Ligand code: HEC
Ligand code: HEC
Ligand SMILES: [Ca+2]
Ligand SMILES: [Ca+2]
Ligand SMILES: [Ca+2]
Ligand SMILES: [Ca+2]
Ligand SMILES: [Ca+2]
Ligand SMILES: [Ca+2]
Ligand SMILES: [Co+2]
Ligand SMILES: [Co+2]
């Protein structure tokens, strides 16, 4: 009775609203239908937001905000929480003034309105978009004490769009066409060079995310999806595609998004996002509040090379692994959700997860990665994350040997 | 040149923002990251909202708002646009005060906090929820001139939840357990009787939709998902589950949600939503603006009995049918998206779609349905919808012979 | 089905036992067999006054409704007509549903405020308005409530669509020349003109 | 791959031909081979004044940066060090990227405002700050720009991860006893303490 009494005492809530009492909301009327014509989350979820790290950049217009992965489950990122990366703030286009121009090595340069694009055959696909700099602050060791900041530069969305291939066919490609230049309408006029082969494979000219139109911060009205490839290439507010015979070597593929190795040489055109995973719950912002007993570990895994084949989880810092359960649809170049269950005895844990994709790639440890890349790469840090769980259930980002 | 000139003249947009000119948003900075910590749609999408039909009910607190299906694509309904059906307005629960009680014919009555529920094994599934009254205004003939109002009482969402089976096992079922009573915490204290067999099959005690927590208007913090069954059973703000040996015959399964036939007798416990489909584009709110040429017809199909196997589309009011293409994931008891392409010669069209599910059920015509049900049923109207497209591209809801 | 087989016994030890007094506070449902009836008694004569004070503003003094609020009485003999009026008397199968529903949901906006004798009295008045009881002074109570029967009970039958609508499972639905002649328009929503229009207030007609 | 085979020729007839003058207005990209260079010429001497007026507030008078804005010059010889400083001079492979980027994106907040001689002059000044050109009066222009070479060009190589990191494709990753002893903590984010905390303003250190 003593223990039960103690458990009850720690229960949250206002007794006036708990049984046997009948709370106000069971007696009186709430807001009617369509009062909230476009809905938003409960006021009690005000802490579930994108956050930025102000010291990272000189200005918020050229910066990043992070998805609160620890506050989500399943594989769909709601549109309001998709991480942002802008180079000159959110371009706010009027959809009537939207134009997409395709020119260069084509038979006939074309100009499309938004209405034009929406007339083409379209398709719906769920893809992750991960910034190549995701986990970039962790190369030299554990730095950010939050899953949101270590791994939150990723979102997973169902896009509706026209295969880029269809538009290129409409324009007609010259035989020497090999590369595309993608250009945004923001005031960074963001550009990236895209190999034609990828363009003809699975890229989408997307105008919808999760059913509705793109959000302004994600490229309204039109962005490109480059499935499995670094999100920097997913040019937002897409205004122009030029077809050429060589890459442009623009700022975002030279100064940035090249991976500096220890010997001072740099890898370029590192498009594919390697297989990666992270435990989202528990994590520093989402401690284990029950002191012991049945516990579900939850996380996400993804690979730019295809489907996730398997995820392993370790409770002891990588000494021993168990295979987690993949739940829900496991799709090509999409986040997959994994769960692993165990009975927590209340002792310290060192949680890790390890993704394996359908090509057989196994997510490396941070040390394995540093051995081949050094610590100056900035980008493509897909090393295995360790969370230490204290007996009190607090979780912190650590590096271990 | 004349024709090209004319085409250009009808293009939307402000020349100052069109090429060769460089618009303002390509020169100046927009809002920075995390300025919109929880994002919302572009101001140019202010018309993409849930709408109600005020003459339908005496008050908005007991009424319905409709999803703008014609403004969406793919199969995910964004949370802000999920149709609402309240019987006493939106109950606004404090999550700390949330309790779920399971009692009745169980070994041990249980009380759960929200945190408790989130500790159980959970799963993620995409399901449609359709109000049994969807299309209910159309029994006697074409009435609502909008896809939003003829078919908008449906949404399709990825839920995260605990299988109800798990919670019932935790409480332990008595051998005479046969039915459950589901009860909401709103001031209608909404109740429905649920057969135990369904409860043990695929029902979820859900706390998330599309990754984030349920929205207040959809049952925050906890609702039940009863896959494939009428949405009235998907009790929101779920506070109590009583296990019994017989149904309760409460107001929502006697006065309402029973289907009155022509002879005055009424069918009850009509849970399953029959296979159904509708063309969302074009539709009255989404006319065909191009006068002729390549055209994609788009729509959604779903069945409470399982997966959609096939959708056929007719351009001539059901005289001739072609099989549409299903796009994106085709899942159990989920919306599926279909497309059909044709070359519009600019003449009048009578568009119809016909869903077929994996059990072989074929969506009936409205006349076939009326022949067996009469016109007094209110609920479960899954008859084939006809949209007339005029040569000008205007679309209207018609009934045809 | 296999899915509905006896569940395996796995105990997670999550949550706690619900206390009897907690259950008592929330367990407000009533069944046709009388299970769950709260204690109390009342007559239609006593109920009339309460109904006029708390219910009639919406439902009308005789349950005939004001405006578009629900009609609660009348409609006998209309179910098989073109214009069925479904009320407690004409349609509902069980009287227990009245007591359950009024207790949990009415008055609209002041739910779970009625109990005991007031609840029974209002329900007695509703039964009286619906000719279910004919004596204004007849006492109904938790003791005799299960004996109150409604006229339409026998006219409900369980879902039989998979049998009665078997024809909708068609092997090969017609694909070409499925009907003769061009489509003929029988009705158009535009003519009825009750659709709210974008950007305008709703149109009530 | 099959996906990249020559596409079938299907024409939907959607959209219209883009006019040459429309393309000219938006086609602002510049390639290393000189394709796309806008007409113009300039010297570092002329560029200095423009740079001080329009760029130095953020990037510093000598490209050394103010606050946390990007550094544009210096860093020679640091790439293989613990603290690489990646600038136009130390890191960038192509000078064309400078002219392309400044033209499309700078000054920050007043993009696409620079053209012609001003653009070339500012770029000349940046090249001068980075010791790419040493004579302040050397004229660079659309004619001679492709001859400007940057020192680090040869140190870039194409993605080779599928070869150089082949070891990450492991047949059977270790499942038990994969390391000896208990985990030893080498570092903790808490100790660094730069994580913004919920409900507080960000902490800049
Ligand atoms: C302010 C208006 C209002 C008042 C006052 C009100 N009701 Fe209601 N009543 C409603 C509405 C609205 C509904 C339908 C609720 C729903 O299902 O969404 C309803 C439904 C009912 C029903 C079910 C009708 C059916 O056909 O299913 C009954 C019975 C009922 N009320 C009885 C009462 C009683 C008894 C009182 C007073 C103690 C009362 N009402 C007071 C508005 C009102
Ligand atoms: C108000 C601040 C500001 C001013 C003024 C400004 N810049 Fe910048 N500059 C930035 C920022 C911020 C970035 C990084 C933008 C991004 O990628 O998000 C940048 C990036 C650059 C880069 C690329 C740096 C790299 O390493 O990739 C160059 C080159 C540059 N600026 C040149 C200029 C020139 C030339 C001017 C003046 C004509 C100028 N800037 C004026 C803020 C400024
Ligand atoms: Ca009960
Ligand atoms: Ca009277
Ligand atoms: Ca009208
Ligand atoms: Ca060009
Ligand atoms: Ca100087
Ligand atoms: Ca701190
Ligand atoms: Co890269
Ligand atoms: Co039904």
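Values as computed for the structure displayed
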| read-out | value |
| --- | --- |
| Meets criteria (farther than 26 Å from residue A:335 by Cβ, more than 16 Å from ligand 7 (Cβ to nearest atom) and out of contact with any strand residue (DSSP E or B) (no Cβ under 7 Å at 6 or more places or on another chain)) for residue A:249 | no |
| Residues (within 16 Å of ligand 6 (Cβ to nearest atom) and either touching a residue at least 12 places away in the same chain (Cβ under 8 Å) or away from chain A (no Cβ under 12 Å) (or both)) located in region D:31-75 | D:31, D:32, D:33, D:34, D:36, D:37, D:38, D:39 |
| Region A:50-70, subset part of a helix (DSSP H, G or I) and touching a strand residue (DSSP E or B) at 6+ places or on another chain (Cβ under 9 Å), residue surrounded by the most Cβ atoms within 10 Å (Cβ to Cβ) | A:69 |
| Condition check for residue A:124: within 21 Å of the chain's Cα centre (by Cα), surrounded by fewer than 24 Cβ atoms within 10 Å (Cβ to Cβ) and either part of a strand (DSSP E or B) or within 14 Å of chain B (Cβ to nearest Cβ) (or both) | yes |
| Positions within region C:7-34 being surrounded by fewer than 17 Cβ atoms within 10 Å (Cβ to Cβ), within 18 Å of residue C:116 (Cα to Cα) and in contact with a helix residue (DSSP H, G or I) (Cβ under 9 Å, 6 or more places away or on another chain), in sequence order | C:34 |
| Hey, residue A:47 part of a helix (DSSP H, G or I) and surrounded by fewer than 24 Cβ atoms within 10 Å (Cβ to Cβ) or not | no |
| All helices (runs of 4 or more DSSP H) inside region C:95-205 with 3 or more residues being more than 7 Å from chain B (Cβ to nearest Cβ) and touching a helix residue (DSSP H, G or I) at 6+ places or on another chain (Cβ under 7 Å) | C:96-105, C:116-129 |
| Qualifying residue in region C:127-149 (condition: closer than 22 Å to residue B:185 by Cβ and at pLDDT 95 or above) | no |
| Residue that is nearest to the other protein chains (Cβ to nearest Cβ) [pool: residues in region A:71-99 that are within 14 Å of residue A:155 (Cβ to Cβ) and in a helix (DSSP H, G or I)] | A:80 |
| Criterion (more than 16 Å from ligand 7 (Cβ to nearest atom) and under 24 Å from residue A:256 (Cβ atoms)) met by exactly one of D:153, D:139 | D:153 |
| Yes/no for residue B:312 being within 11 Å of another protein chain (Cβ to nearest Cβ), crowded, with 23+ Cβ neighbours inside 10 Å and either more than 24 Å from residue B:132 (Cβ to Cβ) or over 23 Å from the mean Cα position of the chain (by Cα) (or both) | yes |
| Residue satisfying condition, being closer than 22 Å to residue D:169 by Cα and either assigned by TED's automatic domain parsing to the domain that holds residue A:310 or over 20 Å from the mean Cα position of the chain (by Cα) (or both), within set A:267, A:239 | A:267 |
| Number of the exception - residue B:39 against (1) closer than 26 Å to residue D:108 by Cα; (2) in contact with a strand residue (DSSP E or B) (Cβ under 9 Å, 6 or more places away or on another chain); (3) away from chain D (no Cβ under 14 Å); (4) surrounded by fewer than 18 Cβ atoms within 10 Å (Cβ to Cβ) | (4) |
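The values are calculated or read from the model by the stated rules, or taken from the named source; none is laboratory data. Computed from a predicted model, the values in this text were never measured in an experiment. No Cβ is skipped: glycine too gets one built from the backbone with ideal geometry, and neighbour counts run over all protein chains shown.
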